[in-house]
Amino acid sequence: MSTTSTPRIRNPWSWVPSSYLAEGIPFAMVIWVAGTMFKDLGHSDGEITLATASIGIAWSLKPLWAAFLDMFKTKKFFVLWMEVIMALLLCGIAVALPLPNYFQITIAVLWVMAFASATQDICVDGVYITALDAKGQARYIGVQGVFWNVGRLFGTALVVWFAGSLKEDHRLSSTEAWQWAMGLSAATMALLAVYHRFMLPTGSVGDRPVSVSAAFGNFWEAIVDFFKKDSIWGMLMFVFLYRSSEGLLLQLAPLFLQAPVEAGGVGLSLKDKGLIDGTIATVVSLSAGLLGGMFLSRYGLNRRTLVFMALCLNIPHLCFVVLSQLAGPGHTLSFWTVATLVTVEKFGYSFGFVANMLYMMQQISPGRFHMTHYAFANSIMNLTLVPTQMISGPLADAVGYKTYFIIVMFAAIPSVLGAMFAPFPRKPDNDHPH
């Protein structure tokens, strides 16, 4: 695919929203929608989380190959081809679903798709940084987050609702419904690739490493500098502990909402799940994240605000304890009861999560390799979710949902303790007005 074009200044509104939409869709399909599909096709929570949880490693490992992409082609080249590849992979899932061994094939495809998505993320971010000046980067930073979440909304709400509508309203089988849903996702990624062929800037190349050995040398220097930072192990311990309970909820909570009442679940239909766990939860998460940022902007990030944010992150997990105790055979929960409790939990989580990102930005990453070290910290943070996500399904299968969500609450204690003892080698900003 040719990416050669006459350089021109493009209005960022013509490509920033669509670029981050294209980032959000595959992430949502791999992390959330695949689990919903497998649950609908009859797989247990243990099967689903063991098979899918580790796929998220791809996004954590992307700093390992980010430095080498610019050595060969432009950022736009990789964005376009990753979008085409992901469209073909989604088509592949649709074709594989009727096969006897579709589960193994789909998991393999999702692994490839995760690495393609991570590569697209690297290059979209690279286009953003090199095509916009500092003022432009600041102006459109909020647009990034909004449209990434629109991509998440597309997957967790529209695709799931579409599959549910085909089952409930048009009497298609689960397999047929999900084939069409995967086809919708593939067509969307293909259309984005075509659009970006004409609208996405190439992005400047910058300082290319002259050789692979030079790229390795720069990367190694950044690693050494990272682990020389004051209190680095204490800071990484905080990053590890802060999300200690989240991994137990990230994939399991949506599966619990979808699980049949006879199995102790809530028993939401795909259409209702798309509305609650996709639409309402995404909108609430966006609002809570903005409010969390405003709170920290006003009061600053220090030990007191960090502990408060940790409590906001974890206490709402009680909502799933309540849901699991109310759900079960003979107990059909109203749509609004479920929607309200899920909304409260999502709001608290998204409000408190902001503190983790700001801590990494202000305490861990500053220095000579600011952007690289932020990527390192972000990757380590995401890696901590893998083991808890993997055990979540088998543990829930073993003890049942009622006991499982009580365990989740106890798993939140290290998060609060981590905030209480988090090191602040850089002086916290305590001079904000109250």
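Every read-out reported here was derived from the displayed coordinates using simple, explicitly stated rules and does not represent laboratory data. Treat the numbers as computed from the prediction; the structure is a model and nothing was measured. Cβ placement follows ideal geometry from the backbone for every residue including glycine, while neighbour counts extend to all protein chains displayed.
For the range 221-434, a crude dipole built from +1 on the beta carbon of Lys and Arg and -1 on the beta carbon of Asp and Glu, taken about the Cα centre, is about 400 debye to the nearest 20. For the chain, the Cβ-based charge dipole about the Cα centre amounts to some 960 debye (Lys, Arg positive; Asp, Glu negative; other atoms uncharged).
Where only DSSP H runs of four or more residues are counted, the chain gives -22000 deg cm²/dmol as its mean residue ellipticity at 222 nm, each run worth -39500 (n - 2.57). Calculate, for Asn302 and Ser14, the FRET efficiency according to 1/(1 + (r/R0)^6) with r their C-beta to C-beta distance and R0 41 Å; round to the nearest 0.05. It comes to 0.50. Taking label positions 7 Å along the Cα-Cβ direction at both Phe216 and Phe335, the computed distance is 5.9 nm, reported to one decimal. In the elastic network of the chain, a GNM with C-alpha springs shorter than 10 Å, the most mobile of Pro316, Pro26, Pro98 is Pro98. One chain, two ends: Arg368 and Met199. Fully extended at 0.36 nm per residue, the span grows by 57.5 nm beyond their Cα-Cα distance.
Run through the range 43-98 and list the chymotrypsin sites (Phe, Trp or Tyr not before Pro) located in a DSSP loop whose Cβ has at most 12 other Cβ atoms within 10 Å.
Phe72
Across the range 278-289, coupling constants 3J(HN,Hα) worked out from phi with the 6.51/-1.76/1.60 Karplus curve, θ = phi - 60°, read x, 5, 4, 4, 5, 4, 5, 4, 4, 4, 5, x Hz, and Gly and Pro carry x. Put in line by how crowded their Cβ is, counting other Cβ atoms within 10 Å and starting with the fewest, Glu262, Glu83, Glu221 read Glu262, Glu221, Glu83. Here the label points at Ala187 and Phe421, each 7 Å from Cα along the C-beta direction, are separated by 5.5 nm in the simple model. Taking Asn11, Asn302, Asn356 in turn, the Gaussian network model of the chain (Cα-Cα springs below 10 Å) assigns the largest fluctuation to Asn11. Pairs from the table (Lys76/Lys135; Lys76/Lys228; Lys39/Lys76; Lys167/Lys273; Lys229/Lys427) lying more than 25 angstrom apart at Cα are Lys76/Lys228; Lys39/Lys76. For the range 173-186, 3J(HN,Hα) computed residue by residue from phi via the Karplus equation (6.51, -1.76, 1.60; θ = phi - 60°) reads 6, 4, 4, 5, 4, 6, 4, 5, 5, 5, x, 4, 5, 4 Hz, glycine and proline entered as x.
With K and R counted +1 and D and E -1, the other residues having a Cβ less than 11 Å from that of Ser415 yield a net charge of 0. The packing ranking of peptides 392-401, 326-335, 16-25, 161-170, highest mean first, is 16-25, 392-401, 161-170, 326-335, where packing means the average number of other beta carbon atoms within 10 angstrom of each residue. Coupling constants for the range 194-202 follow from the phi torsions by the Karplus curve (6.51 cos²θ - 1.76 cosθ + 1.60, θ = phi - 60°), and in residue order they are 4, 4, 5, 4, 9, 10, 7, x, 6 Hz; glycine and proline get x.
Scoring 275-281, 229-235 by mean Cβ neighbours within 10 Å over their residues and listing the highest first yields 275-281, 229-235.
Scanning residues 5 or more positions from Leu333 or on other chains, none has an amide H under 5 Å from its amide H, with H placed 1.01 Å from N in the peptide plane. Think of the chain as having a plus end and a minus end, set by charges on the Cβ of Lys, Arg, Asp and Glu; of Ala422, Ala118, Ala215, Ala215 sits farthest toward the positive end of this dipole. Dipole orientation for the chain: of the candidates Pro387, Leu323, Leu358, Leu358 has the Cα lying most toward the positive pole (charges on Cβ; Lys, Arg +1; Asp, Glu -1). Taking only Cα atoms and a 10 Å spring cutoff, compute GNM fluctuations for the chain and point out the largest among Lys73, Lys135, Lys271. The residue with the greatest mean-square fluctuation here is Lys135.
Computed on the range 11-208, with alpha-carbon pairs under 8 angstrom and 6+ residues apart, the relative contact order is 41 percent. Counting Lys and Arg as +1 and Asp and Glu as -1 over every other residue whose Cβ lies under 14 Å from the Cβ of Leu255, the net charge comes to -3.
What shape does the range 234-312 have by the C-alpha gyration tensor, where a ≥ b ≥ c are the square roots of the eigenvalues, rounded means a/c under 1.5, and otherwise prolate means a/b greater than b/c and oblate the rest? Oblate is the answer for the range 234-312, as a/c is 1.5 or above yet b/c matches or exceeds a/b.
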